[in-house]
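Just so you know, all these numbers are worked out from the coordinates, no wet-lab data involved. It should be emphasised that the depicted structure is a prediction, and the values quoted were computed from it without experimental measurement. We place every Cβ from the backbone using ideal geometry, glycine too, and count neighbours over all the protein chains shown.
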Amino acid sequence: MRETDEIVSIFKFTSIPGENENDPQKNVKIITIAGRLTDEGNNRTIYVSITFTKVTMRILYIFPHPDDESFGPAAVMHQQLEAGHEVHLLTLTRGGATKERHRLGLSIDQMGEVRYREMRAVEKTLGLTGMTVWDYPDSGLKNMDPRILEGAIEDHVVALRPDILVTYAVHGVSGFHDHLVAHAVVKRMYLDMRDHGHAYLRRLALLTIPDSGEPVFVDGRIRLKNSTSEEIGCTIRLRPEDREMMIACLHCYETYQQTIADSGVIEKIGDAVHFEIFGEVHVPPLDDLQKDYHDH
Ligand SMILES: [Zn+2]
């Protein structure tokens, strides 16, 4: 028998289930693949074990309304979950003030209950690591003392210890006032927490869309300005399955289908989701939110 004949012997691999270890404080997942290689022809068995470590991140998305997560971010969340990261969602309101409630003849509270159930369906569809839905006034965040929101979000962040926070960019994508409030509150809280030693916070990512570059003033009207290409620090390309997941999440909002259709969100998102990264410049933009973070 020549040496090479032995090398090309056919081994059958049988995996042996084992526990993976996690060290959440260090963002390291230790993965062990153990198995048995059986060479049936020669009646030999070799036991193998391969151990490798994988850096995982805990990512917390903070949005004012149920459905904000599904207008684009759901596709990114799906990628992050598939890559083994933890993805948590915090929603500040139950979204009960939507005009859809008039069509359905529901009070703000009743509509909030419907929207909450739809969100639970999104949580299940995406397989989120965790989801928290608060009941601050929908369309009324600007009337609140921002320090109350800041304090509540800070308590949540302290308990969760995320590596990355995600919320809206300064224009809120759509200019909705609750979106602008979320941006301001989360950014101030992030900086304040970093100043006070919460070093686990590594990055603040801000959901955005590219600016069209059209004139801001046309026919005496002012258009909403989004992010210039220089301001975009991360562009995540979507695979067909990421887009399918986003569409599946949008479909969970059964009472909102008309608005979703009117928004043209599926076409608008296309095959990329964009973020500004606060205090960081990346040229070209990063292709995921987890890499090249700064250890401040
Ligand atoms: Zn919203």
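Could you work out which residue, out of L128, L37, L89, moves most in a Gaussian network model of the chain, that is, has the largest mean-square fluctuation with Cα springs under 10 Å?
It is L37.
Of the candidates V265, V216, V87, which one comes out as most mobile in a Gaussian network treatment of the chain with C-alpha springs shorter than 10 Å?
Per the Cα network of the chain with a 10 Å cutoff, V216 tops the list.
By how many nm would the segment from H156 to L191 grow when fully extended, if each residue of separation counts as 0.36 nm and the alpha-carbon distance is taken off? Before the final figure, lay out the partial values.
Details: separation 35, 0.36 × 35 = 12.60 nm, distance 1.55 nm.
Roughly 11.0 nm would be gained on extension.
Treat each spin label as a single point 7 Å out from the Cα along the C-beta direction, and report the Q257 to D135 distance in nm.
Taking the simple label geometry, Q257 and D135 are separated by 2.9 nm.
Using Cα atoms only, what is the angle between the long axis of helix 73-82 and the major principal axis of the chain, expressed in degrees (0 to 90) to the nearest 10?
Approximately 20 degrees, to the nearest 10.
Only four residue types carry charge here, +1 at the Cβ of Lys and Arg and -1 at the Cβ of Asp and Glu. Report the dipole size of the chain about the Cα centre in Debye, rounded to the nearest 20.
It works out to roughly 280 debye.
Could you tell me how many degrees, from 0 to 90 and to the nearest 10, lie between the Cα long axis of helix 177-195 and the main elongation axis, the longest principal axis, of the Cα atoms of the chain?
Around 60 degrees separate the two axes.
In nm, what is the difference between 0.36 nm times the number of residues separating D271 and L37 and their Cα-Cα distance?
Between D271 and L37, full extension yields an extra 80.1 nm.
Any idea which of V166, M57, G105 is furthest toward the positive side of the dipole for the chain, if Lys and Arg beta-carbons carry +1 and Asp and Glu beta-carbons -1?
Comparing the listed Cα positions along the dipole, G105 ranks first.
Calculate for the chain the 222 nm mean residue ellipticity that helices alone would give, adding -39,500 (n - 2.57) per DSSP H run of length 4 or more and normalising by residue count, nearest 500 deg cm²/dmol.
The helix contribution divided over the chain gives -10000 deg cm²/dmol.
Quick one: helix 146-160 against the long Cα principal axis of the chain, what's the angle to the nearest 10°, folded into 0 to 90?
10
What is the set of long-range amide H partners of L92 at a cut-off below 5 Å, with H atoms built 1.01 Å from backbone N?
Distant-sequence amide H within range of L92: F63, H65, W134.
What pairs in K12/K291; K187/K225; K142/K291 have C-alpha atoms more than 31 Å from each other?
Among K12/K291; K187/K225; K142/K291, the Cα-Cα distance tops 31 Å for K12/K291; K142/K291.
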